[in-house]
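Encoded as structure tokens, the structure appears first; notes follow it.
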Amino acid sequence: MARVSEQQILEALKQIPDPDRGGNIVERGMISGLVVREGHVGFSIEVDPARGPHLEPLRKAAERAVEALDGVLSVSAVLTAQRQSAGPQPTRPAPQGHGHSHGQAKEPLITGVKAIVAVASGKGGVGKSTTAVNLACALAAEGLTVGLLDADVYGPSLPRLLGISGKPRSADGKIIEPMRRHGISCMSMGFLVPEDTPMIWRGPMVMGALQQMLRDVAWGPLDIMVVDMPPGTGDAQLTMAQSVPLAGAVIVSTPQDIALLDARKGLNMFRKVEVPVLGIIENMSYFCCPNCGHRTEIFSHGGARREAGKLGTEFLGELPLDITIRETSDAGTPIVIADPASPHSAAYRAIAQRVWDKVTGNLAAPPRQAPKISVE
């Protein structure tokens, strides 16, 4: 396959006119953050905030122009509002009821999904992805139609955790068919790039990639979509909160103080963007020796339960540090699938049932619009 160059991409984008001011979007200086990695292209189109809402056709035209080039596997273009004043400004949620951000189309990014739940953590290494995958499998085992989106663009783990190889297909070259495993529809950046390829992308590229994995994947009707969020409180979390009306967020933490400090930040971030926090899960809560049965609380114990009480949210349950959970995850067959009768699987199923109960309670309430996250 031919390798596409930045110059070829810019030449293609010169064919896209600015509909309001004349000239093309390259000569107007509207293209920024151009990144090309192994045939995957990302860039921002900088526009005035007042023009953003009606420039979605321009964004799509730019994507189509680059997609037509030989050697291009995928394109992620995102509209980015130019700042009107110097210096960094804080972001904050606007009052509820304004569910669209500047630079985004007003139609929903994804349809046919009854509820979207984010599984998040304040820091990495707490077992969030393993938890998200097992919760998705537990929900599917209850007869629900389930989607699983790996939103960790920089460190996608879904292909390994579910034992999926190969790339998703597209019948028309525009809409991608999700991969399927264990009765779950799945999408991850890890399906599109080699496992050892680093994603060296700026924030707008991450936002664009997430929006594409929501908008350009044939998810079909789903009862629930589980989103495995990247750790922290950055672009991915804000993009999800801004782009889709999340039914709630589940926070995963280990029991020790340093992890709980970051979990608290994650929980407060979701509250600030008006996403209901469904509860906290304590992962790696304890370790039982498989030989003698002696229990050791390696990372302390009960910290997440106490933190949930302090923060006024529900404690959803605890899961152990266990070699079987690790082995089944590495093998691509989560423990809920590999050993559904195990006590660990029962714990995941109980948490999944509680999450579904809370989500269906939220669905009975008036629909919540995605908050507007504006820059002022």
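All of the numbers you see were taken from the coordinates with simple rules; none came from a lab. The structure displayed is predicted, hence computed values, not measured ones. So basically every Cβ, Gly included, is an ideal-geometry build from the backbone, and we count neighbours across all protein chains shown.
Fully extended, how many nm does the chain gain between Asn24 and Arg305 (0.36 nm per residue separation, minus their Cα-Cα distance)?
Values: separation 281, 0.36 × 281 = 101.16 nm, distance 5.65 nm.
Length gained, Asn24 through Arg305: 95.5 nm.
Cα convex hull of region 275-342: how many Å³ per residue?
Values: hull volume 8.1 nm³, N = 68.
Hull volume over Cα atoms, normalised by residue count, gives 120 Å³.
Using only the Cα atoms of region 212-310, build the gyration tensor, take square roots of its eigenvalues as a ≥ b ≥ c, and label the shape rounded, prolate or oblate: rounded if a/c is under 1.5, else prolate if a/b is larger than b/c, else oblate. Kindly include the intermediate steps, with their values, before the conclusion.
On the way: a/c = 2.77, a/b = 1.76, b/c = 1.57.
Note, shape of region 212-310 comes out prolate.
Please list, ordered by chain and number, the residues whose modelled amide H lies under 5 Å from the amide H of Leu222; skip anything fewer than 5 residues away on the same chain.
Val113, Lys114
Hey, rough spin-label estimate for Ala341 and Arg215, points 7 angstrom out along Cα→Cβ, what's it come to in nanometres?
About 4.9 nm separates the two model spin labels.
Please list, in chain and number order, the residues 5+ apart from Thr80 or on another chain whose amide H is under 5 Å from its amide H, with Hs placed from the backbone.
Under 5 Å from the amide H of Thr80: Ile45, Glu46, Val47.
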